[in-house]
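Worksheet: the structure to be examined is printed underneath.
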Ligand SMILES: [Zn+2]
Ligand SMILES: [Zn+2]
């Protein structure tokens, strides 16, 4: 077992007081287990479950609040209890029967490539930020091409069709997919960090956790069915967000990317989406004009 090290790179000794709360908790967690593999697998699984269901919760609550209904992308579609329960059962089954064993196999591969697991303090946030940015770009590219492939005849019929069962998605549907799809597209998520550590020998497990948490936030947001004025795509025009991926579920074509819009733009796989959006924007403008006219007529 690799012991937790309290040393900087230049070998200056570090006291426990120099560690922040999370670093101390991290150190305690790994020390409390005699087996680094089990400690890594358990914390990885817990992190995944807490972030996944925790991120779905606000969108689930929003369904019960009338104020938020105006931000729904497909307002006529109702997420019935039956639909949600079916999705929940399938996702939980996949988490325990498929993702959990895969999570156990992560530690041997990660350590083989030299990933830092137990080491504290964590890397500087600058390093974490640029590594996470690289993983986002890698995953988005991987996802775009493999998602397009999954729309090809037999691949769609036997694998990807399950994910498209919900034409008006909600948060929980983010991981509602055929096991083979989970394996293929999951490679884009975990393959980036593994490739990075194999090439650079410089990656900490905490960076992988931050990356996976943000990726879960991204995919649950994309499937949420809500486009709020404060959604990230309004700040970053190249961010796909729910509005982009919701169209993919509604129309079954176009918008194959996950995080960013650039691949669909470059490859011209967003032309139908752009036409639809233009029509929707024009309709909204016309409605606004009619309402204003009616208001003026009432005043006069
Ligand atoms: Zn698809
Ligand atoms: Zn989807």
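The values are calculated or read from the model by the stated rules, or taken from the named source; none is laboratory data. Keep in mind it's a predicted model, so treat the numbers as computed, not measured. Every residue, glycine as well, gets a Cβ built from its backbone with ideal geometry; the counts of neighbours run over all protein chains shown.
Structural remarks
- Boolean, residue 108 is outside any helix (DSSP H, G or I) and either in contact (Cβ under 8 Å) with a residue 40 or more places away in the chain or within 16 Å of ligand 2 (Cβ to nearest atom) (or both): no
So that you can scan it fast, the table gives a plain yes or no per residue for (1) part of a helix (DSSP H, G or I); (2) within 16 Å of ligand 2 (Cβ to nearest atom):
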| site | (1), (2) |
| --- | --- |
| 157 | yes, no |
| 177 | no, yes |
| 199 | yes, no |
| 202 | no, no |
| 206 | yes, no |
| 210 | yes, no |
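- For region 269-292, the criterion of being within 23 Å of residue 138 (Cα to Cα), surrounded by fewer than 22 Cβ atoms within 10 Å (Cβ to Cβ) and within 16 Å of ligand 2 (Cβ to nearest atom) is satisfied by at least one residue.
- Apart from one condition, residue 215 fits all of (1) farther than 19 Å from residue 144 by Cβ; (2) within 16 Å of ligand 2 (Cβ to nearest atom); (3) within 12 Å of the chain's Cα centre (by Cα); the exception is (1).
- Some residue of region 162-172 being in a helix (DSSP H, G or I), away from ligand 1 (no atom under 13 Å from the Cβ) and surrounded by fewer than 19 Cβ atoms within 10 Å (Cβ to Cβ): no
- Candidates are the residues of region 217-266 that are within 12 Å of ligand 1 (Cβ to nearest atom) and part of a loop (DSSP other than H, G, I, E, B); the one that is surrounded by the fewest Cβ atoms within 10 Å (Cβ to Cβ) is 252.
- Which numbered condition residue 289 misses (of (1) out of contact with any helix residue (DSSP H, G or I) (no Cβ under 7 Å at 6 or more places or on another chain); (2) more than 17 Å from residue 222 (Cα to Cα); (3) within 16 Å of ligand 1 (Cβ to nearest atom)): (3)
- Answer from 49, 116, 139 - the residue that is surrounded by 13 or more Cβ atoms within 10 Å (Cβ to Cβ), modelled with pLDDT of 95 or more and touching a strand residue (DSSP E or B) at 6+ places or on another chain (Cβ under 9 Å): 116
- Taking the numbered list (1) surrounded by fewer than 21 Cβ atoms within 10 Å (Cβ to Cβ); (2) away from ligand 2 (no atom under 16 Å from the Cβ); (3) over 19 Å from the mean Cα position of the chain (by Cα); (4) touching a residue at least 60 places away in the same chain (Cβ under 8 Å) in turn, residue 134 passes all entries but (3).
- Cβ-Cβ contacts under 6 Å between residues 6 or more apart (or on different chains), taken from a first residue in region 185-208 that is more than 19 Å from residue 126 (Cβ to Cβ) to a second residue that is outside any helix (DSSP H, G or I), are listed as 198/113.
- Any hit, region 273-287, residues being closer than 23 Å to residue 156 by Cα and part of a loop (DSSP other than H, G, I, E, B): no
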